[in-house]
Structures are given as C-alpha cells and as structure tokens.
Amino acid sequence: MAVCARLCGVGQSRRCRRRQRQNQQDQGSDSDMDMDEEEEERIVGQTQAETGSGPRPSSAAAGPSVAHDAATECNRASVNRLEIGNCGGTGPPKPQSLLDLPPEILVEIFSTLPGTALPNLALVCKKFRQILNTETIWRRRCTDEFGMREDLRKMEVAGVSSKELYVKLLHPYRHILGLWQPDIGPYGGLLNVVVDGLFIIGWMYLPPHDPRVEDPMRRRPLFRIHMWENKKASVECMYGHKGPHKGDIQTGKKDEFSTKCNQTDHHRMPGGRQEEFRTWLEEEWGRTLEDIFHEHMQELILMKFIYTSQYDNCLTYRRIFLPPRLPSDLLAPGLFKGTYGSHGLEIVMLSFHGPWARATKLTGDPNVPAGQLTLNVDLRKPVRLPDLEQQRSVEELSRLVLGAHEEAQRESQQGAAADVEPSATQEAVEGAAGGSSPGSRSGPGSEDGVCSEGSHSGSGAPPALEPQPFVLPLGVIARNEVYPRTCRMCFYGTGLIAGHGFTSPERTPGLFILFDQDRFGFIWLELKSFSLYSRLTDQLPHAHAPSMERFEAMLRNMQSWTS
C-alpha cells in the first residue's frame, strides 16, 4: 500500500524530496538523497516486519479490502495533483510568498501599483528594493499617472532616468497639474498646468482675437519646471520677451499655489512702457491702438494693461474643475468663449444644476468680474419662436421673453421655483418639442414655428432635435455677424449686468438659443445685444471634478473671490 501510494504521489517519492531540497537553497547532494531514500525503504521494511505485514506482491494478493484501500489512495492522490500540482511531475513548485516569485513577475506586479506605494514597498526587504530600481516600473508610472509618452531615448540623451523623472519632478509637483484661475482682480484667467515631454508647463489660455469666437484658443507659457541641470527640478519664469529666467513656485494651502519671478528685469523692453503696451496690445487684441476707434473701448484696454502689468507673473492661482456631465444635460457642459461687446472675448464655464443651465465667468471685466454667474437659464421655460419674418421684430421677441420673465417672478414669489423635479430638463425638451409645459410661451397662435421639433427619447438624454431657421431681430447688435442661421431650442434666462466696479448688479431677462452641441447664444434684451459662445475643444487633463458637490463648492468659492 505504501509503495502504491508513493507511486501515485502521496508518499515521499524521490522527485518530491529532490524538489523540497532545492527549495531549501539546494542543501545536500544527489548522493545524499539516494542514501536517504534507501534508508527510508529499510525503515519501512523493518516496520512492516515488526507488525507482521510484509510487502505484498500485488493488491490482488492482499485481499479485496487492501486493494480497495490502495485504489482509494490512488484516486485521492490524483485529485491532489490536480489541486496543488503534481508532486511527481517536472513542473515548478507552487510559490508560498511573493519572495518566491521570479523577478520578472514582481516587476510586472509592482508596475501596476501607484507610485506613492512604492517607497514603503522598498522597505520590505533587500530583494524588493533592488527590483524597484528597474526602469520598467517607473516608466509605467510616468505613463499611467501623468500620460507621459516621451521616447526613452530622449531622456537617456538628457541623462535622466524614468525613476529620477518621477521622483524628482512629476511626483513632487503633481498637485499643481490641472486647471487654475489666477487672482488678477476682475480679469481672472485660465491656466492649464500639464506634463509636456520632459517639462511641466503652465500655459495661460487666451481667447481668440475679438470677434472671431470660433477660432482656436491661444496659449502663452508662464512658467516651466524641468530637470536639465544637476538632475534637480528647476523652475523658470517664461514671462517677458528675453527668454526663460529664474522663478519659484510655492504650494501652501490646498488647491492653491503661487508663482514668483526672481528676475523681473527680463520683463522690461528697451522701448519702455510704451513699447510694452504696443506689444501687449498686438498679442491681446491683434491690432494697434490706432485701429480701435471706439473711445470707450480704448479706455477699457488701457485700464486692463495698467492693472495686469503690475503683477509681473507673481500670481496666486486657485484650482478650478470642469463640470461633471449627467445623462439629462441639454448639451455637454464645459468651457466656452463668448463675445462681450467692448470687453472683447471672455471665457465662461457652462454647467447644469437640475432645471438650470448656468454660465460662470472664468475671465471677466471691470463691470462683471471673473467668478460671477453671467447667465442663468431656466430649462423649464422653453420659448416658442415665430416664423422668420416675425423673428425680425424686436417687439415680438420682447413680448415672448418678458412674458416668461413675469411668470418666473410670480413663481419665485409663490415659492414654486424651489420645488424642482429631477426630470425638469426632460419636461423642458418635451415642451419645446410641442408638448405642454407650464411657463412656455407661444407666439401669435399655436401654429407658429418653434425652435425645434421632435419627441422625447425616454433614455434620459435630450432627443436629437431638428434645426429650424433663426435670425436676429433688427436692432439687436452682434459683434460677430457670422452666427448660425438655424437653432434647435430656445429658453428663457437672465443675464447679469452691472456698472463699472461691479456696482448695482442686476439680472435682466434674455433668450438662450441652443444652436448645436458646440455653440449657443444669448440675447440681452435690455442691452439689445447678442453674445455668441463657441466650445473650447482643447484637451484638459487632470481637470474633472471628483463630484458634483465639490464642483458646486468651487463655484461658490469663485464668486466670493471677486465679490
């Protein structure tokens, strides 16, 4: 029975013992193992002689019970080989811990761990510490965590390893990656800090030149961090026209950091302030002061130059997030550039909050500063538009919008506006498509055209609506005459206007026009002005809000920064 069991892998076979010896750092030799095997057989023979049960030639000669026992042992051994591996086979032993795994397997495992966990892992043992020096691990961390796709050969030419790049540059400055708003009084701004090759660069985003709202954004580097010298991260200021020079970055409070230039003389130009102003005007507006005939516009431009030039890139930045997207949103939220009359183009953030669509300024002006809610659109109040001929009448537009405005005021006084159902956006879409919605206003007769036609899809997302011809009323001023001539939906909303210095702010009624997924407009009824907004399509990594609650808290903070 013992011999049968050994043959099936239950007993201590010679091969099992040899593998066990090898797992114990190859102690002993093959000759010792042969002697141990013979000694074991001798002891087994003596035991059998003492008990009166000598070795039997076969299981048949031993009787039915012994043969059954031997068969049972064989079957059990077969199951054991399937579950824990064949002891009598030639395969490798099953590892008992991570230390037993081959180095290449450990490299693959460690490559999937976050970089913040690797220093503690290196403290476990000497083997782990040696494996964590493998470039594959750190190259994977640079790629997965920071999106770095730089060719390894370029780093080798610069004499920088992937581990050095991660440990000395990417990881220490990871907290400043993403979108930020500079504290430049009412003007604000948009800074995007990204990993760009072997650099971390802070790009200031500037709107296109007025009034070309659909042109791509312009970028200007404000600072960069690199490891070219002494394999140590160095900060350089990129402001001015004399090339990179020494700078500094300070991170104090959470979601806030500051930049400081240590050589502000690099910002000065040989021609003095007048030459600096001409250069700034060309970059900011794409024209000279002589080309701007409007006196009020000249005053606004001079004021902005004087105000912003005093900072010399010594600025404080506060983190901002892109709004989360929900299936019920009318269109994808995000950043848009829009026309604001004499103030030029400004950047706003469109977000959705239940039945409200809101546009918050990221860049501003002395009248309505950055951080303020420039547009507030009530998606429960779609507005039906008449045919093209009647659309040209500003009186007809006023009648439609003011009717919705008066109804909204009544609801506000009654407290009805505070009770919002989650499906308000969907109901608004149905109302605009021809359904009945409280607060919707029609033109002269129900047969008038509407902004869109369609049916509710029932999937939680707005349906694809057919476009309808659209034209601005006569007397409404548009900075950009090249606006879309079809629209999909229209809603009642309010726009924020104020005097210089944000005095006497007031929300005035207007019309929100959805042209497509990347463009919308707003008619400021009181100002008889039209603003066209076009989506900012740049890739903005590390910028999405972790939750809606965090995003809404950020919006509240933005308003307090400039109020």
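Of note:
- Scanning segment 190-206 for residues that are open to solvent by less than 20 Å² (accessible area, probe 1.4 Å), in contact (Cβ under 8 Å) with a residue 40 or more places away in the chain and within 22 Å of Thr339 (Cβ to Cβ) returns Leu190, Tyr205.
- Which listed residue is under 28 Å from Leu527 (Cα atoms) and in a helix (DSSP H, G or I), from Glu346, Glu290: Glu290
- Every residue from segment 120-138 that is assigned to a helix (DSSP H, G or I) and out of contact with any Leu (no Cβ under 7 Å at 6 or more places or on another chain): Asn120, Lys126, Arg129, Gln130, Glu135, Thr136, Ile137, Trp138
- Filtered by the rule that a residue be touching a residue at least 60 places away in the same chain (Cβ under 8 Å), open to solvent by 30 Å² or more (accessible area, probe 1.4 Å), outside any helix (DSSP H, G or I) and under 23 Å from Pro221 (Cα atoms), segment 293-325 gives Tyr311, Thr316, Arg318, Arg319.
- Being open to solvent by 60 Å² or more (accessible area, probe 1.4 Å) and either under 25 Å from Ser534 (Cα atoms) or in contact with a strand residue (DSSP E or B) (Cβ under 8 Å, 6 or more places away or on another chain) (or both) is a description that does not apply to Gln181.
- Filtered residues of segment 346-363 (kept if open to solvent by 10 Å² or more (accessible area, probe 1.4 Å) and touching a strand residue (DSSP E or B) at 6+ places or on another chain (Cβ under 9 Å)): Phe352, Gly354, Trp356, Arg358, Thr363
- Set side by side, the residues Asp378, Asp329 differ, and just one is more than 23 Å from the chain's Cα centre (by Cα) and touching a residue at least 40 places away in the same chain (Cβ under 8 Å), which is Asp378.
- Qualifying position, being buried (at least 17 other Cβ atoms within 10 Å of the Cβ), modelled with pLDDT of 85 or more and under 16 Å from Ile200 (Cα atoms), among Leu169, Leu118, Leu132: Leu169
- Pairs where the first residue, in segment 492-510, is at positive phi and the second is surrounded by 12 or more Cβ atoms within 10 Å (Cβ to Cβ) and among the hydroxyl-bearing types (Ser, Thr, Tyr), C-beta under 9 Å, 6+ apart: Phe502/Thr562
- Flag if His343 is surrounded by fewer than 18 Cβ atoms within 10 Å (Cβ to Cβ) and touching a residue at least 24 places away in the same chain (Cβ under 8 Å): no
- Qualifying residues in segment 135-150 (those that are open to solvent by less than 60 Å² (accessible area, probe 1.4 Å) and of a type in the set (Asp, Glu)) - the one modelled with the lowest pLDDT: Glu150
- Residues considered: Glu283, Glu275. Of these, the only one that is assigned to a helix (DSSP H, G or I), farther than 30 Å from Trp561 by Cα and charged (D, E, K, R) is Glu275.
- Test for Val476: is it touching a strand residue (DSSP E or B) at 6+ places or on another chain (Cβ under 9 Å) and either among the acidic types (Asp, Glu) or in contact (Cβ under 8 Å) with a residue 60 or more places away in the chain (or both): yes
- Filtered by the rule that a residue be in contact (Cβ under 8 Å) with a residue 60 or more places away in the chain and over 14 Å from Asn192 (Cα atoms), segment 246-260 gives Gly247, Ile249, Thr251.
- Hits in segment 91-114 (condition: open to solvent by 60 Å² or more (accessible area, probe 1.4 Å) and among the β-branched types (Val, Ile, Thr)): Ile105, Ile109, Thr112
- Among (1) part of a strand (DSSP E or B); (2) within 30 Å of Gly243 (Cα to Cα); (3) in contact with a helix residue (DSSP H, G or I) (Cβ under 8 Å, 6 or more places away or on another chain), the one test that Asp378 misses: (2)
- When Arg218 is tested against the conditions (1) under 28 Å from Pro369 (Cα atoms); (2) surrounded by fewer than 18 Cβ atoms within 10 Å (Cβ to Cβ); (3) in contact with a helix residue (DSSP H, G or I) (Cβ under 7 Å, 6 or more places away or on another chain), the lone failure is (3).
- A residue that is touching a strand residue (DSSP E or B) at 6+ places or on another chain (Cβ under 8 Å), under 23 Å from Pro207 (Cβ atoms) and buried (at least 23 other Cβ atoms within 10 Å of the Cβ) occurs somewhere in segment 502-510.
- Of the residues making up segment 260-278, none is open to solvent by less than 50 Å² (accessible area, probe 1.4 Å) and β-branched (Val, Ile, Thr).
- Residues that are open to solvent by 10 Å² or more (accessible area, probe 1.4 Å) and of a type in the set (Phe, Trp, Tyr) occur in segment 230-244; there is at least one.
- Checking each residue in segment 510-563 for being more than 23 Å from the chain's Cα centre (by Cα), assigned to a strand (DSSP E or B) and among the charged types (D, E, K, R) picks out only Asp516.
- Applying the condition of being within 25 Å of the chain's Cα centre (by Cα) and open to solvent by 10 Å² or more (accessible area, probe 1.4 Å) to segment 365-375 and asking which residue is nearest to Gln559 (Cα to Cα) yields Gln372.
The values are calculated or read from the model by the stated rules, or taken from the named source; none is laboratory data. Being a predicted model, the structure only gives us computed values, none of them experimental. Note that we place each Cβ from the backbone using ideal geometry, even for glycine, and neighbour counts take in every protein chain shown. When the accessible area is computed, the model is the full protein with side chains, heavy atoms only, and any ligands, DNA or RNA have been set aside. Shrake-Rupley method; radii C 1.70, N 1.55, O 1.52, S 1.80 Å.
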